[in-house]
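Before any comments, here is the structure.
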Amino acid sequence: MRLLADAMCGSLARLLRMCGHDTAYALDRGVEADDELLALAESEGRVVVTRDRQLAERAPDSILVESKDVDEQLREVAAAGVSLDPTPGARCGACNGALEALPESASRPEYVPDDAGPVWRCRDCGQCFWRGSHWEDVEKRVADV
C-alpha cells in the first residue's frame, strides 16, 4: 500500500515510513490544496491519509484519522489494515526515499556513532540511519497499539 499523508499528518507519515511504508507527505511535495492532493494520489496510486473528513469522502481510496494524537492515529491506521512493524533500513524518515545498506568499510558521517551497527543511507537525500534508541521507542510505541 502506497500512502499519501496530508498536511495534518506529518508526524504520522514519519512513523509510517519507519514501519517500511512508502508514505509521501503532501507538504514535502508542496501540495496543500485538496484537488492537487487528490490528483497526486491518483497519479501515484496512493491511499490518502487525512484528518479532513470531506477530503476523505472525495478520495477514491482514503483512511480517515480523527484523532490529533499520533498514537491514536497509529491505532486508526492499524484498524484500517495498515501493518505497523518497525522496519529499519526500508524508508527514509525524512524524505521517504529508499535506503541502501552502507558497507562496513564505507566511511560514515561524524554523527553516526562508532558502535551503531548496520547503517543505511537514503538514496535520495543522503541522510544516514541506524538502529539506535529511537528505534526502541518506535517499537514500544507500535507494540502499545
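Read-outs throughout are calculated quantities, based only on the coordinates presented, and are distinct from any laboratory measurement. On a predicted model such as this, the values are computed, not experimentally measured, just so you know. For neighbour counting, all protein chains shown are included, and Cβ atoms are generated from backbone atoms with ideal geometry for every residue, glycine included.
Among the candidates Leu64, Leu74, Leu99, the residue that is under 23 Å from Arg46 (Cβ atoms) and in contact with a helix residue (DSSP H, G or I) (Cβ under 6 Å, 6 or more places away or on another chain) is uniquely Leu64. I'd like to know if the range 67-79 contains one or more residues that are touching a Ser or Thr at 6+ places or on another chain (Cβ under 7 Å) and under 16 Å from Gly20 (Cβ atoms). No, the range 67-79 contains no residue that is touching a Ser or Thr at 6+ places or on another chain (Cβ under 7 Å) and under 16 Å from Gly20 (Cβ atoms). Select from the range 14-65 the residues that are out of contact with any Leu (no Cβ under 9 Å at 6 or more places or on another chain) and loosely packed, with under 12 Cβ neighbours inside 10 Å and list them in ascending order. Scanning the range 14-65 gives Gly30, Glu32, Ala33, Asp35, Ser43, Gly45, Gln54.
The residues on offer are Arg46, Arg53, and the sole one that is without any contact (Cβ under 8 Å) to a residue 40 or more places away in the chain and basic (Lys, Arg) is Arg53.
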